[in-house]
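The values are calculated or read from the model by the stated rules, or taken from the named source; none is laboratory data. Given the structure is predicted, the values throughout are model-derived calculations rather than measurements. Methodologically, a virtual Cβ is constructed for each residue, glycine included, from the backbone with ideal geometry; neighbour enumeration extends over all protein chains shown. Calculation scope for accessible area: heavy atoms of the full protein, side chains included, ligands and nucleic acids excluded. Shrake-Rupley method; radii C 1.70, N 1.55, O 1.52, S 1.80 Å.
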Amino acid sequence: WSPRAEFTEAVSLVGAFRHFNSGPITVLRVPNGHYALCMHRNRPVVVTASEGGGLFAISDGLFSFVAFRPIDSRHIEHDTLHIVRVPQGQYACVTESDVPAFLPYGIYVFDSPTLTVHKFCPLSEESVRHQTITRFYVRAGTVGIAWKDSAPVFYNDPGVYMVDSPMFHYVRSIDVSEQEITLGSRKIITVREGQVGISHDNGELTVLPPGRHYIEKPGHLFDEFLSTQQECLQ
C-alpha cells in the first residue's frame, strides 16, 4: 500500500537457481558441498550451507556475490582469504610473508594478503625442497647423504628430517649394504668377512679389517678391497 511500491519480477527458487539481486537484496541458494564466496564492505566473506544446501537473503547494498566453489577444493583463494585443504598422504608448500612452511594433513583458514600456496606434494617423495626448507626421509636400511654448509653429512637413523637452511642440499639415500659410501671427504667403508680394505692415511698404508669403518679425514684415501686368499701384494 504505497505509491513507491513496484513489482519487479518473479524468480523461481528451484531448478538452476543459485542467486539473484534485487536492489540492495541478494538471495543465495548455496548448493550442498559448496561455499558461496561473497564480499561485504570490501571484505571477503564465505557463506556455507548446512546438509542439503541453504537459502539466504541479505538486505545490504554493500553485500555482493562473487562465485561458488566446491568445499573439497584443495585451495580456495578469495581476496585475502585462503582455505587450504591438504589431503591425507600429502602436504602443502606455502609461504607467509615470504617465510616458507609445510602444512600437513588438515583444513586451514588464513586471512592474509601475503599467503601463497605453491604446490602439494605426496608424503611418499623421498625429498622435497621448498625455498630454504628441505624435507626428506631416510628409510630403514639406508643412509641419507647431504651437503650442509659445504660439508658432507650422513644420516644413519631412519626417520623424517626437516632442515631449514639455504646451504643444505640433500643428495640421495644409499643402501647400507653398499661397501663404499662416499661423499666428499667422508666415507663409510664396509669390509666383509674374507676381505681387507686397502687405504692410505696421508700416504701411509692402512689395512682395514672386516667391519664398518668411518673415514672423516680428507687425507685418508680408500683404494680397494682385497680377498684374504691372496698371498702377495706389491
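Computed over the chain, the quotient of the alpha carbon radius of gyration and 2.2 N^0.38 Å is 1.80. For the range 93-219, pairs of C-alpha atoms spaced more than 20 angstrom apart make up 57 percent of the total.
Each label point was placed 7 Å from the Cα along the Cα-to-Cβ direction; for T116 and M162 their separation is 2.1 nm.
Given the convex hull over the Cα atoms of the range 89-160, what projected area results after averaging over all orientations, in nm²? Walk me through the intermediate numbers first.
On the way: hull surface 23.0 nm².
The orientation-averaged projected area of the Cα hull of the range 89-160 comes to 5.7 nm².
Placing pseudo-labels 7 Å out from each Cα toward the beta carbon at L62 and T80 gives an inter-label distance of 1.5 nm.
Consider all pairwise Cα distances in the range 130-189 and report the whole-number % of them above 15 Å.
Percent of Cα pairs beyond 15 Å in the range 130-189: 47.
What length, rounded to one decimal in nm, is gained on full extension from T206 through to E224, with 0.36 nm per residue of separation minus their alpha-carbon distance?
Working: separation 18, 0.36 × 18 = 6.48 nm, distance 1.14 nm.
5.3 nm is the gain from fully extending T206 to E224.
Estimated at 0.36 nm per residue, the fully extended path between Q131 and S22 surpasses their Cα-Cα distance by 34.4 nm.
At 0.890 mPa s and 25 °C, plugging the Kirkwood radius over alpha-carbon pairs of the range 19-79 into Stokes-Einstein gives what diffusion coefficient in µm²/s?
On the way: Rh = 11.8 Å.
It comes out at roughly 208 µm²/s.
Rolled with a 1.4 Å probe across the full set of protein chains, the surface gives R41 an accessible area near 150 Å².
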